[in-house]
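Computed from the coordinates by the stated procedures, all read-outs in this text should not be read as laboratory data. The model shown is predicted, which means the values in this text are computed figures rather than measured ones. Cβ sites come from the backbone with ideal geometry, for glycine too, and all protein chains shown count toward neighbours.
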Amino acid sequence: MAPSPIDVSDLVVSYGRGAKRTAAVRGVSFRVDEGECVGFIGANGAGKSTTIKALMGFVFPESGSVKVYGRTPGDAESRRRIGYLPEVALYYPFMKARELLELYGGLSGMGAAEVRAKAPALLEQVGLAGCGERLLRTFSKGMQQRLGIAQALLADPDLLILDELSSGLDPLGRAGLRTVLQAARKAGKTIFFSSHELTEVEALCDRVVMIHQGRIVRDAPVSDLIRPLNRYEVTFAGLAGEPAGWPDPVRTRDPRRDGADQWTLETDSIEAYTEVLEAIRSADGEVRRAVSKSISLEDDFIRLVQGGTEAAAG
């Protein structure tokens, strides 16, 4: 069985020395399988970039292990299979976009003629059509980010590792980026990226890994994360007696009194919502209000992080 593109086990990375030594990553474990698109999310300082630097071999574990295609990070063979976008990319301002791609292409083992042949279509793909001969000092931050994505895609890598993917991009740029990454997914690429844009993560990813204060707090398929964020609220009246004697679909969902003659309950699935409505009507009750409410992944993440921070402070 071929090794996973990314396999991280009990990773610990610290900075500083002696009494000032601080753990940035504290026992992180996760895996990214072939063809997956995984979003890596967390607040500033949570340990995202440090983990990604460990994947690239730029920082070294204090303990634990990191494998990229079964090899040690920084191994030449594994690096050939990676397209990487750093959190902050600094480019020489008097270089042209085409020249930058030729530089990175050469570092990846591509010939100059091959890069020149691919560059126009690649620049168009990331929204930089016709910009190949422009000096990088004339590029906005968003344009530089698009160029960084182009260089990550240039050598047709098997694995994309992208740190703060949409940094500096406006809504139009983010929409274009989604199109680029969806095409990469269809081509069978494995994608691992960190981002603050959780709507982007929802739209693109198979799975989400959440990190907070150097520890993984959630690792689950996007569908599993989103399903419990949907809520269905029913307000009703007219059921005889007390809740203990009501039909099971209603009684077991802890209805609360909501006025002199009415009650309200919540469910977390459309199936349960339908059951409740049918049970109320079959018992000659009156449904006075039925609404669906959704919590975004972003709101859920904020709630989770704030709760963890308060617990730690306590």
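Taking +1 at the Cβ of each Lys and Arg and -1 at the Cβ of each Asp and Glu, which of Ala240, Val208, Ser269 sits farthest along the dipole of region 164-280 towards its positive end, judged by Cα position relative to the Cα centre?
Val208
Assign unit charges at the C-beta atoms only (+1 for Lys and Arg, -1 for Asp and Glu), then state the dipole size of the chain relative to its Cα centre in Debye, rounded to the nearest 20. Let's see the in-between values first.
Values: 39 positive and 42 negative charges, 287 e Å.
For the chain, the charge dipole is close to 1380 debye.
Can you give the Kirkwood hydrodynamic radius for the chain, in Å, rounded to one decimal and based on Cα pairs? Kindly include the intermediate steps, with their values, before the conclusion.
Values: mean 1/r = 0.0446 Å⁻¹.
Hydrodynamic radius (Kirkwood, Cα pairs) of the chain is 22.4 Å.
For each pair in Lys118/Lys189; Lys141/Lys186; Lys48/Lys293, compute the distance between the two Cα atoms and list the pairs where it is over 20 Å. The partial results should precede the final answer.
Details: Lys118/Lys189 18 Å; Lys141/Lys186 28 Å; Lys48/Lys293 31 Å.
Cα-Cα > 20 Å for Lys141/Lys186; Lys48/Lys293; rest within.
Among the trypsin sites (Lys or Arg not before Pro) within region 1-31, which fall in a DSSP loop and have no more than 11 other Cβ atoms within 10 Å of their own Cβ? Numbers along the way, then the final one.
Working: sites: Arg17, Lys20, Arg21, Arg26, Arg31; in loops: Arg17, Arg21.
Filter output for region 1-31: Arg17, Arg21.
Nearest 5 is fine: what % of DSSP beta bridges in the chain come out antiparallel, could you say? Please report the intermediate quantities before stating the final value.
Working: 37 of 53 bridges.
About 70 percent, rounded to the nearest 5.
To the nearest 20 debye, what is the magnitude of the charge dipole of region 226-294 about its Cα centre, counting +1 on the Cβ of each Lys and Arg and -1 on the Cβ of each Asp and Glu?
On the way: 10 positive and 13 negative charges, 52 e Å.
Using Cβ point charges on Lys, Arg, Asp and Glu, region 226-294 gives about 240 debye.
Aspartates and glutamates near Lys53 by alpha-carbon distance under 15 Å, same-chain residues fewer than 8 away left out - which ones?
Cα-Cα hits under 15 Å: Asp7, Glu62, Asp75, Glu87, Asp163, Glu164.
Would you mind giving the three semi-axes, in whole Å and largest first, of the ellipsoid equivalent to region 226-294 according to its Cα gyration tensor? Walk me through the numbers before you get to the answer.
Values: eigenvalues 76, 29, 22 Å².
Three semi-axes, in Å: 20, 12, 10.
Compute the length gained on full extension between Phe58 and Arg134: take 0.36 nm times their separation in residues and subtract their Cα-Cα distance, giving the result in nm to one decimal.
Working: separation 76, 0.36 × 76 = 27.36 nm, distance 3.08 nm.
Roughly 24.3 nm would be gained on extension.
Who wins for biggest fluctuation among Val234, Val180, Val222 in a Gaussian network model of the chain, springs between alpha carbons below 10 Å?
Largest GNM mean-square fluctuation: Val234.
Compute the FRET efficiency between Ala290 and Ser29 as 1/(1 + (r/R0)^6), taking r as their Cβ-Cβ distance and R0 = 51 Å, and round to the nearest 0.05.
The pair Ala290/Ser29 has a calculated efficiency of 0.75.
Can you tell me the relative contact order of the chain? Whole percent, Cα pairs under 8 Å, sequence separation 6 or more.
Working: 572 pairs, mean separation 57.5, N = 314.
Relative contact order, the chain: 18 percent.
Please give the peptides 188-199, 125-136 ranked by average Cβ packing (other Cβ atoms within 10 Å per residue), highest first, as a rough proxy for protection.
Details: 188-199: 20.3, 125-136: 16.5.
So the order, starting with the most tightly packed, is 188-199, 125-136.
Using the alpha-carbon centroid of each, what span in Å lies between region 104-127 and region 5-39?
Cα centres, region 104-127 to region 5-39: 32 Å.
If I model region 1-159 as equal point scatterers sitting on the Cα atoms and use the Debye formula, what is log10 I(q)/I(0) at q = 0.10 Å⁻¹?
Reported log10 I(q)/I(0), two decimals: -0.44.
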